[in-house]
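Notes for the one structure printed next.
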Amino acid sequence: MEEKATQKISLILYHGARILLGLVFLYASFDKILHPAAFAKIVYNYRILPDELINLTAIFLPLLELTIGFLLIFGVLMPGSVFIGNLLLIIFFAAIIYNKVRGLDISCGCFSTASDESSETTLYLLRDFSFVVIAGYLFFKVFISDFSGSKRPS
């Protein structure tokens, strides 16, 4: 009986994490899709990508976020969705850390392209770290463990 309760809790956590991250990716994509030029400026301010990739990134990345968001919400193509979602979140987290270490005070551009968005890097790091943890849980559930808590057979 206790094992069934654990499985039920595991499924609730899995679906909650999946839907939450899906909503995060959807929300993050909207303003960037509507304002690609403003988002291109934010990407440029990170000073990580070569100039030739700025506009391509400003157009492609929000569409990728939108796609990953829908796939996670609907639970479709989960291995690929979870892998790419984890990859994106780790890259975003690393980019913020990289710019904090370099002393650049940038607008995150995570959820808004507005220039008046606060540039409180510590809050971005805490928020993005929580997203990475949730994504890591999904990665564990999809690739390593089944829903009973035991390891998947190799």
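Residue count for region 18-75, restricted to those that are small (Gly, Ala, Ser), within 11 Å of the chain's Cα centre (by Cα) and over 30 Å from GLY103 (Cβ atoms): 2. I'd like to check something: does region 43-58 contain any residue that is assigned to a helix (DSSP H, G or I), out of contact with any Lys or Arg (no Cβ under 7 Å at 6 or more places or on another chain), in contact (Cβ under 8 Å) with a residue 60 or more places away in the chain and not aliphatic (A, V, I, L, M)? Within region 43-58, one or more residues are assigned to a helix (DSSP H, G or I), out of contact with any Lys or Arg (no Cβ under 7 Å at 6 or more places or on another chain), in contact (Cβ under 8 Å) with a residue 60 or more places away in the chain and not aliphatic (A, V, I, L, M).
For every residue, the table says whether it meets (1) exposed (fewer than 15 other Cβ atoms within 10 Å of the Cβ); (2) within 20 Å of PHE60 (Cβ to Cβ).
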residue: GLU2; (1), (2): yes, no
residue: THR6; (1), (2): yes, no
residue: SER10; (1), (2): no, no
residue: LEU13; (1), (2): no, no
residue: LEU21; (1), (2): no, yes
residue: LEU26; (1), (2): no, yes
residue: PHE30; (1), (2): no, yes
residue: LEU34; (1), (2): yes, yes
residue: ALA38; (1), (2): no, yes
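Of the listed requirements (1) surrounded by fewer than 17 Cβ atoms within 10 Å (Cβ to Cβ); (2) in a helix (DSSP H, G or I), LEU88 misses just one: (1). When LEU49 is tested against (1) surrounded by fewer than 16 Cβ atoms within 10 Å (Cβ to Cβ); (2) more than 19 Å from ALA135 (Cβ to Cβ); (3) out of contact with any helix residue (DSSP H, G or I) (no Cβ under 7 Å at 6 or more places or on another chain), exactly one condition is not met: (3). Under the condition of being more than 25 Å from TYR124 (Cβ to Cβ) and either free of Cβ contacts under 8 Å to residues at least 24 places away in the same chain or not in a loop (DSSP other than H, G, I, E, B) (or both), the residues counted in region 72-85 number 6.
Throughout, read-outs are computed from the coordinates displayed, never taken from laboratory work. The shown structure was predicted, so the numbers you read here are calculated from the model rather than taken from an experiment. Backbone-built Cβ (ideal geometry, glycine too); neighbour counts: all protein chains shown.
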